[in-house]
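Visitor: The following block contains the structure, expressed as structure tokens.
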Amino acid sequence: MTFQLPKLDYAFDALEPYIDARTVEIHYSKHHQGYTNNLNGLVQGTELEGKGLDQIFSNVSSLPVGVRNNGGGYFNHNLYWKVLTPGGASAPQGELLEAINHAFGSFDAFVDQFAKAAATRFGSGWAWLIDKDGELAVTSTPNQDNPLMDVAEVKGKPILGIDVWEHAYYLKYQNRRPDYIQAFVKAINWDAVDEYYKG
Ligand code: MN3
């Protein structure tokens, strides 16, 4: 197995009341595990075996669509679980806060822009906070695409991402995606975002 499903750092119910335990359990052990297994199956015995995700994403437009979907699904969910609670700062601090203020005017203005990007992504996809050549920006991608892919409209290094596929929120929030987005924002582990920012 080239790609391993990372261990979840917390219990399935650790994100309550923001994200319910059943959703976390299914999302992690079925969806994320599924992307991981599919990706391994797709690269095994091909020229992609042993290649890193950065290499795959930067060239993804010329690869089979399954590699794009499952490679994105694997990477995106790795980040998603990392940037959620428990523990860690409940607000950005230091250099990261300064960068957010610089890019968006204020933390609240950032949250508005991020929530809007997540709410208006039609169908399934992701909204992101990215580092784009040293400047922070908000963007969104369809399906399991991400801003590291050569197909992304806006490219950069993702440091925070929210999954807005219905499987991420439907059991608890049904059609109320904006309520899920507001809950997600309250459950962000800003120390983890800071690690991606500095990494
Ligand atoms: Mn998902």
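The values are calculated or read from the model by the stated rules, or taken from the named source; none is laboratory data. No experiment lies behind these values; they were computed from the predicted model shown. We place every Cβ from the backbone using ideal geometry, glycine too, and count neighbours over all the protein chains shown. For accessibility, only protein heavy atoms count, side chains too; no ligands or nucleic acids. Shrake-Rupley method; radii C 1.70, N 1.55, O 1.52, S 1.80 Å.
Visitor: What is the P(r) of segment 13-100, as percent of Cα-Cα pairs per 10 Å bin from 0?
Guide: 15, 36, 26, 21, 2
Visitor: Continuing with this model, one more query. Ignoring ligands, DNA and RNA, what accessible area per residue does the chain give at 1.4 Å, in Å²?
Guide: Working: 9370 Å² over 199 residues.
That works out to 47 Å² for each residue.
Visitor: Residue-wise, which Karplus ³J(HN,Hα) couplings in Hz belong to segment 128-142, taking 6.51 cos²θ - 1.76 cosθ + 1.60, θ = phi - 60°, and x for glycine or proline?
Guide: Running phi through 6.51 cos²θ - 1.76 cosθ + 1.60 with θ = phi - 60° gives 9, 9, 10, 9, 10, 6, x, 10, 7, 8, 9, 8, 9, 9, x Hz.
Visitor: Sum up the lysine pairs in segment 20-199 that clear both bars: alpha-carbon distance under 17 Å and a spacing of 8 or more or different chains.
Guide: The number of close lysine pairs in segment 20-199 is 9.
Visitor: In debye, nearest 20, what is the charge dipole magnitude of segment 130-199 about its Cα centre with +1 on Lys and Arg Cβ and -1 on Asp and Glu Cβ, if you could check? Mind dumping the intermediate values first?
Guide: Values: 8 positive and 12 negative charges, 60 e Å.
Roughly 300 debye for segment 130-199.
Visitor: Find out how many positive minus negative residues lie around residue 17, taking Lys and Arg as positive, Asp and Glu as negative, among other residues whose Cβ is under 12 Å from that of residue 17. Mind dumping the intermediate values first?
Guide: Details: positive: 172, 186; negative: 13, 16, 20, 179.
Local net charge: -2.
Visitor: Summing -39500 (n - 2.57) over the DSSP H runs of n ≥ 4 in the chain and dividing by its residue number, what mean residue ellipticity at 222 nm do you reach, to the nearest 500 deg cm²/dmol? The partial results should precede the final answer.
Guide: Values: 9 runs with 88 residues, N = 199.
-13000 deg cm²/dmol, from helical runs alone.
Visitor: Just to confirm the filter: which trypsin sites (Lys or Arg not before Pro) across segment 46-131 are DSSP coil and have at most 16 other Cβ within 10 angstrom of their Cβ? Can you show the working numbers first?
Guide: Details: sites: 51, 68, 82, 116, 121; in loops: 51, 121.
Those satisfying the criteria are 51.
Visitor: How big is segment 145-192 on each of its three principal axes, counting only the C-alpha atoms and giving the largest first in Å?
Guide: 34, 26, 14
Visitor: Give the longest segment of the chain that steers clear of GluC sites (Glu not before Pro) in DSSP loops with at most 12 neighbouring Cβ atoms within 10 Å, not counting the sites themselves. The partial results should precede the final answer.
Guide: Numbers: sites that count: 47, 49, 153.
The reported range is 50-152.
Visitor: Here's a follow-up. Could you pull the Rg and Dmax for the chain, using just the Cα atoms, both in Å?
Guide: Reported Rg and Dmax, both Å: 16.2, 49.
Visitor: Another one. Exactly which chymotrypsin sites (Phe, Trp or Tyr not before Pro) in segment 43-152 are in a DSSP loop and have at most 11 other Cβ atoms within 10 Å? Mind showing how you got there, number by number?
Guide: Values: sites: 57, 74, 75, 80, 81, 104, 107, 110, 114, 122, 126, 128; in loops: 122.
Within segment 43-152, the qualifying chymotrypsin sites (Phe, Trp or Tyr not before Pro) (loop, at most 11 other Cβ atoms within 10 Å) are 122.
Visitor: Now a separate question. Near the amide H of residue 159, under 5 Å away, which other amide H atoms are found, from residues 5 or more places off or on another chain, if H is placed in the peptide plane?
Guide: The list, which skips near neighbours in sequence, is 129, 130, 131.
Visitor: Return the carbon/sulfur percentage of the accessible area of the chain, one whole number, probe 1.4 Å, all protein chains in place. Write out the running numbers ahead of the final one.
Guide: Numbers: 4590 of 9370 Å².
Of all accessible area on the chain, carbon and sulfur atoms account for 49 percent.
Visitor: Would you tally the net charge around residue 76, using a Cβ to Cβ cut-off of less than 10 Å, leaving residue 76 out, and scoring K and R as +1, D and E as -1? All intermediate terms of the calculation are to be shown ahead of the outcome.
Guide: Values: positive: none; negative: 145, 163.
It works out to a net charge of -2.
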